[in-house]
Amino acid sequence: MNQLSEIIEASPSRSLLGLDVVCFGYAEALAYADTMASMPFGQTVIAFMNANNANIMFEDAQYRDVLSRQVIFPDGVGLDIASTFVYGEAFPANLNGTDFVPALLTYMEQPRRIGLIGARRDIVERAAANFKSHAPWHEFLVVSDGYFDIANSKAIADRAASLDLDVLLVALGSPRQEKWIDRHIRPECAPLVISVGALFDFTAEAFPRAPGIVRKLRLEWAFRMLNEPRRLWKRYIIGNPIFLARALKQAFKVRVLGDA
């Protein structure tokens, strides 16, 4: 735990829009998550903050309260812009779950038991198989697809607890996944729980990832919008400016008014 304490102390969080977001470099984030998956007691829940779910939490006080109890990683160029407005610099690393989770699977040398909840049954099973090809020393277990009756949540949590998991990945979309984890996933389900959004869809190759050059240019959001315009146009065309306006308001309070 001394090494972990040093990691946390060396990487303080930054408050953005009233939520603390960790300030890890990539190596620190991987080491942190790996350590949390090894804990013999307690539970760490990792969620990711991007412009969209930051906007959601402004309209949903319960969601904000849930996120305040989880460890928040910065996801996307919007968070870097907001951090630059408020703190004068971007985050050390873009820790979006679509890239971070596969990297974590590779990083974890000790074989782990990893549970999956979410997406359609065929997609989650294909994602589990592709994860296995990516990191064959781990065991991947489908706990449930994402189309369960909410009344059956306890039975699903009980199943997760019975599987002796080290890591549980939950892909139900925001804000549902973070709220569901907070309400139903207890420490005996897994020491490390990560909400992963559309990760299973990408891993199962049900949806295409943006080409490498597009991701390098930080334009994956535009690629996704062009592929799903009817579902995503409002999130990006309207939501992104709203998010940046809120970040500018915080920056004004901090830099001009001195209100932290």
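Numerical summary
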quantity	calculated
For the range 106-176, fraction of C-alpha pairs farther apart than 16 Å, in %	48 percent
P(r) weight above 14 Å for the range 28-83, C-alpha pairs, percent	61 percent
Volume per residue of the C-alpha convex hull in the range 139-214, rounded to whole Å³	108 Å³
Distance histogram in 10 Å bins (all Cα pairs of the range 177-230, percent per bin)	20, 36, 26, 18, 0
Shape metrics for the range 43-120, restricted to C-alpha atoms - Rg then Dmax, Å	14.6, 42
Taking N as its residue count, the alpha carbon Rg of the range 195-260 over 2.2 N^0.38 Å	1.49
Size of electric dipole in the chain: Cβ of Lys, Arg +1 and of Asp, Glu -1, about Cα centre, debye, nearest 20	880 debye
The range 26-178: translational diffusion in µm²/s, Stokes-Einstein, Kirkwood Rh over Cα pairs, 25 °C, 0.890 mPa s	147 µm²/s
Percent RCO, i.e. relative contact order, over the range 126-212, from Cα pairs under 8 Å lying at least 6 residues apart	32 percent
Kirkwood Rh, angstrom, the chain [1 / mean 1/r, Cα pairs]	18.9 Å
Potential extension, T84-S13 segment - 0.36 nm per residue separation minus Cα distance	24.1 nm
Dipole moment magnitude, nearest 20 debye, the range 87-142 about Cα centre, only Lys, Arg, Asp, Glu C-beta charged	280 debye
Over the chain: helical MRE at 222 nm, DSSP H runs n ≥ 4 each giving -39500 (n - 2.57), nearest 500	-14500 deg cm²/dmol
Rounded to the nearest 10 Å², the accessible area of I114 at probe 1.4 Å	0 Å²
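The values are calculated or read from the model by the stated rules, or taken from the named source; none is laboratory data. Just so we're clear, the structure is a prediction, and the values are computed from it rather than from any experiment. No Cβ is skipped: glycine too gets one built from the backbone with ideal geometry, and neighbour counts run over all protein chains shown. Quick note on the areas: whole protein, heavy atoms, side chains included, nothing else; ligands and nucleic acids left out. Shrake-Rupley method; radii C 1.70, N 1.55, O 1.52, S 1.80 Å.
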